[in-house]
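Student: Structure in structure tokens, see below.
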Ligand SMILES: NC(=O)c1ccc[n+]([C@@H]2O[C@H](COP(=O)([O-])OP(=O)(O)OC[C@H]3O[C@@H](n4cnc5c(N)ncnc54)[C@H](O)[C@@H]3O)[C@@H](O)[C@H]2O)c1
């Protein structure tokens with residue numbers, strides 16, 4: 001396949017969670033592929049860092065300091081894009097609690113950010129793409145947690161499973177208008193989300209994950225960013241409603 005299929009020159013991407021980790025790596029890579037990138041996050045300082053990286057390496061970035069659970073603010077930011085070819089809805093939070101100790105407020109917070117925040121972004125992006133007749137690509141962020149149960153993963157896994165359902169449903173609904181919708185479900189990726197304050201605990205977790213992973217290492221944000229670029233670009237032009245798993249081959253049997 002010609003590498004031009006990955007070229008996003010002249011296209012506009014909107015990336016949530018762009019202040020760090022996987023979102024930052026994706027925003028930078030999409031910019032390097034030629035896109036004008038709108039970077040959204042609640043972390044203003046992190047966003048400035050991402051915009052600076054894009055400025056150094058690639059070109060143009062716009063920043064939007066917002067909380068993805070604020071539907072009105074998110075809608076305003078998405079609509080500020082003159083056109084929109086790519087949405088990467090990456091913002092998310094981790095939460096772990098046993099089922100019997102899970103409080104309503106835990107469940108509400110995780111569903112608000114990890115599911116509703118993705119839903120709002122998808123709705124606004126798809127509306128804009130439909131209005132401008134853009135054959136766009138929407139990429140959502142699920143997790144390996146959707147493939148298995150896991151101690152403590154009730155809230156997080158439920159929200160990510162809902163993201164997969166949203167992805168497949170929206171793909172079916174907007175596919176006839178030329179818009180593709182796919183999910184990325186990463187394995188263990190080294191980011192601020194998975195960083196432990198205790199160095200020993202960090203080393204232990206990474207050693208366990210490495211042993212469980214056929215490719216013999218934990219993931220890096222760039223590993224996931226390349227999956228996002230593939231789904232965002234014409235390289236994946238006949239792919240929709242799918243889950244792509246950059247996870248080193250791990251089956252996540254915890
Ligand atoms: N790191 C992993 O191992 C891993 C594995 C599977 C899936 N994921 C998913 O990938 C995505 C990115 O995770 P990461 O590891 O880069 O985490 P991260 O904590 O490094 O980055 C998450 C980003 O989302 C932003 N964010 C959180 N809540 C927000 C809100 N309400 N409004 C706006 N921005 C908000 C944060 O400020 C941060 O910049 C998440 O959806 C996460 O669930 C991560």
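Student: Being within 10 Å of the ligand (Cβ to nearest atom), modelled with pLDDT of 95 or more and assigned to a helix (DSSP H, G or I) narrows it down to one of 171, 125, 159, so name that one. Spell out the reasoning first.
Tutor: Working: 171 fails: within 10 Å of the ligand (Cβ to nearest atom); 125 fails: within 10 Å of the ligand (Cβ to nearest atom).
Criteria check complete, one pass: 159.
Student: Return the residues of the stretch 50-66 that are in contact (Cβ under 8 Å) with a residue 24 or more places away in the chain and surrounded by 15 or more Cβ atoms within 10 Å (Cβ to Cβ); say none if nothing qualifies. Steps first, please.
Tutor: Residues of the stretch 50-66 that are in contact (Cβ under 8 Å) with a residue 24 or more places away in the chain, as a first pass: 50, 53-54, 57-66.
Residues satisfying the conditions are 50, 53, 54, 58, 61, 62, 63, 64, 65, 66.
Student: So if I check each of 5, 40, which one is part of a helix (DSSP H, G or I) and in contact with a helix residue (DSSP H, G or I) (Cβ under 9 Å, 6 or more places away or on another chain)? Steps first, please.
Tutor: Numbers: 40 fails: part of a helix (DSSP H, G or I).
After ruling out the rest, the residue left standing is 5.
Student: Name the residues in the stretch 11-24 that are more than 8 Å from the ligand (Cβ to nearest atom) and not in a strand (DSSP E or B), would you? Give the steps one after another, and end with the answer.
Tutor: Step one: of the stretch 11-24, the residues more than 8 Å from the ligand (Cβ to nearest atom) are 11-15.
Within the stretch 11-24, 11 is the sole residue that qualifies.
Student: Would you please list the contacts, defined by Cβ atoms under 7 Å and residues six or more apart or on different chains, that run from a residue in the stretch 193-212 that is at pLDDT 90 or above to a residue that is outside any loop (DSSP other than H, G, I, E, B)?
Tutor: As it stands, the answer is 193/21, since those pairs meet every condition given.
Student: If you take the residues in the stretch 216-232 that are surrounded by fewer than 20 Cβ atoms within 10 Å (Cβ to Cβ) and outside any helix (DSSP H, G or I), which one is nearest to the chain's Cα centre (by Cα)?
Tutor: Selected residue: 220.
Student: So, one more: In the stretch 59-69, which residues are within 14 Å of the ligand (Cβ to nearest atom), over 20 Å from residue 139 (Cβ atoms) and more than 16 Å from the chain's Cα centre (by Cα)? Quick ask: steps written out before the conclusion?
Tutor: Of the stretch 59-69, the ones within 14 Å of the ligand (Cβ to nearest atom) are 63-69.
Narrowing the set further to residues that are over 20 Å from residue 139 (Cβ atoms) leaves 65, 67.
Of everything in the stretch 59-69, just one residue is within 14 Å of the ligand (Cβ to nearest atom), over 20 Å from residue 139 (Cβ atoms) and more than 16 Å from the chain's Cα centre (by Cα), namely 65.
Student: A follow-up question, please. Any residue that is touching a residue at least 24 places away in the same chain (Cβ under 8 Å), in contact with a helix residue (DSSP H, G or I) (Cβ under 6 Å, 6 or more places away or on another chain), within 14 Å of the ligand (Cβ to nearest atom) and part of a loop (DSSP other than H, G, I, E, B) - is there at least one of those in the stretch 70-79?
Tutor: Looking for residues that are touching a residue at least 24 places away in the same chain (Cβ under 8 Å), in contact with a helix residue (DSSP H, G or I) (Cβ under 6 Å, 6 or more places away or on another chain), within 14 Å of the ligand (Cβ to nearest atom) and part of a loop (DSSP other than H, G, I, E, B), one finds none in the stretch 70-79, hence no.
Student: Sort through 245, 237, 196 and tell me the only one that's surrounded by fewer than 15 Cβ atoms within 10 Å (Cβ to Cβ) and within 13 Å of the ligand (Cβ to nearest atom). Walk me through how you get there before you give the answer.
Tutor: Details: 245 fails: surrounded by fewer than 15 Cβ atoms within 10 Å (Cβ to Cβ); 237 fails: within 13 Å of the ligand (Cβ to nearest atom).
Going through 245, 237, 196 in turn, just one is surrounded by fewer than 15 Cβ atoms within 10 Å (Cβ to Cβ) and within 13 Å of the ligand (Cβ to nearest atom): 196.
Student: Here's another thing I want to ask about it. Taking the stretch 95-111 only, how many residues are assigned to a loop (DSSP other than H, G, I, E, B) and surrounded by fewer than 16 Cβ atoms within 10 Å (Cβ to Cβ)? Steps first, answer last, please.
Tutor: Of the stretch 95-111, the ones assigned to a loop (DSSP other than H, G, I, E, B) are 95-96, 98, 102-103.
Filter once more, so that each one left must be surrounded by fewer than 16 Cβ atoms within 10 Å (Cβ to Cβ): 96, 98, 103.
Here the count works out to 3.
Student: Then there's this: Does residue 112 fit the bill of being under 18 Å from the mean Cα position of the chain (by Cα) and within 11 Å of the ligand (Cβ to nearest atom)? Outline the logic, then answer.
Tutor: Working: under 18 Å from the mean Cα position of the chain (by Cα): yes; within 11 Å of the ligand (Cβ to nearest atom): yes.
Taking the combined requirement at face value, the residue satisfies it.
Student: Please pick out the residue among 117, 92, 49 that is in a helix (DSSP H, G or I), more than 23 Å from residue 178 (Cβ to Cβ) and within 9 Å of the ligand (Cβ to nearest atom). Can you show your working first?
Tutor: Numbers: 92 fails: in a helix (DSSP H, G or I); 49 fails: within 9 Å of the ligand (Cβ to nearest atom).
Matching residue, one of 117, 92, 49: 117.
Student: Would you pick out the residues in the stretch 25-37 that are touching a residue at least 40 places away in the same chain (Cβ under 8 Å), touching a strand residue (DSSP E or B) at 6+ places or on another chain (Cβ under 6 Å) and outside any helix (DSSP H, G or I)?
Tutor: Selection gives 35 alone.
Student: Can you tell me which condition residue 92 does not meet? The list is (1) under 30 Å from residue 152 (Cβ atoms); (2) surrounded by fewer than 24 Cβ atoms within 10 Å (Cβ to Cβ), and all the others hold.
Tutor: Result: residue 92 fails condition (2) only.
Student: Also: If residue 82 passes every condition in (1) out of contact with any helix residue (DSSP H, G or I) (no Cβ under 8 Å at 6 or more places or on another chain); (2) modelled with pLDDT of 95 or more; (3) part of a loop (DSSP other than H, G, I, E, B) but one, which one does it miss?
Tutor: (2)
The values are calculated or read from the model by the stated rules, or taken from the named source; none is laboratory data. Just so it is clear, the structure is predicted and the values come from calculations on it, not from any experiment. Because the Cβ atoms are built from the backbone with ideal geometry, glycine has one as well, and the counts that use them run over all protein chains shown.
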